[in-house]
Amino acid sequence: MNIKTSALFLFIILFGFLNNAYASINKYINKADPSESIELHENKTFILSESGIKMKGKYSLAGTELVLNFKFKGKDYVVKALLENNIITDNNGKIWSKNFQIPPLLISTIAAIIAIIFLILSNKIANKYVRSLSQVASIFAGILFMFPFAESAIQARSVLGKYYFYILIVAAILNKIFTNKNKKNQQANK
């Protein structure tokens, strides 16, 4: 592997691991009914999905006491719960456990690395038509890698796809920069 390829991989890996854009959401799933969830955001807002209804509001956390404040049908509600060891137990005895997910940016980064590896390998194919077809297939391989990790097709398209697209664009720009520098160095050595 040459310096250009190594630098490209290093950038992609660092970009994926250093960015925690999706880590700001903590999602808890109702153990008795997985269709119900509580999402606690770092900005002290929450989304409660319960009995087919979504409610938004603000929360506070003091020690292990979680307090949810929201309006429903014009009435103010305050719900107290216990948050301990990644488990929320509400005042009705419902248990909500933390849903551990792989951050979409990390999934997209791995998908981009897969696509780039296949792109690099496809450059060794002599027939230009087969090479072009394999290059297109490598991009789709990265996309297909992401789908099993998506909660929905919309998340795959909006979140994962966006990160995947940005990573591939930056990788293409870096590749162009390194390729131009190598060409200039080769011309200077002649």
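Mind checking whether some residue in the range 79-87 is among the polar types (S, T, N, Q) and not assigned by TED's automatic domain parsing to the domain that holds S134? First the steps, then the outcome.
First pass over the range 79-87, keeping only residues among the polar types (S, T, N, Q): 85-86.
Next cut, not assigned by TED's automatic domain parsing to the domain that holds S134 only: 85-86.
There is at least one residue in the range 79-87 that is among the polar types (S, T, N, Q) and not assigned by TED's automatic domain parsing to the domain that holds S134.
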Matching residues, the range 6-59, being of a type in the set (D, E) and modelled with pLDDT of 85 or more: D33, E36, E39, E50
Tally of residues being under 12 Å from the mean Cα position of the chain (by Cα) and farther than 11 Å from A112 by Cα across the range 159-173: 2
Single unsatisfied condition, K80 versus (1) at pLDDT below 75; (2) in contact with an Asp or Glu (Cβ under 7 Å, 6 or more places away or on another chain); (3) of a type outside the set (V, I, T): (1)
Residue in the range 70-93 that is surrounded by the most Cβ atoms within 10 Å (Cβ to Cβ), counting only those that are among the small types (G, A, S) and not in a strand (DSSP E or B): G93
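If you scan the range 52-95, which residues turn out to be of a type in the set (V, I, T) and closer than 19 Å to S35 by Cα?
Restricting attention to the range 52-95, the residues satisfying the condition of being of a type in the set (V, I, T) are 53, 64, 67, 78-79, 87-89, 95.
Within the range 52-95, I53, I87, I88, T89, I95 qualify.
The values are calculated or read from the model by the stated rules, or taken from the named source; none is laboratory data. Remember, predicted model here, so these are calculated numbers, not experimental data. Here Cβ is always computed from backbone atoms with ideal geometry, including for glycine, and neighbour counts include all displayed protein chains.
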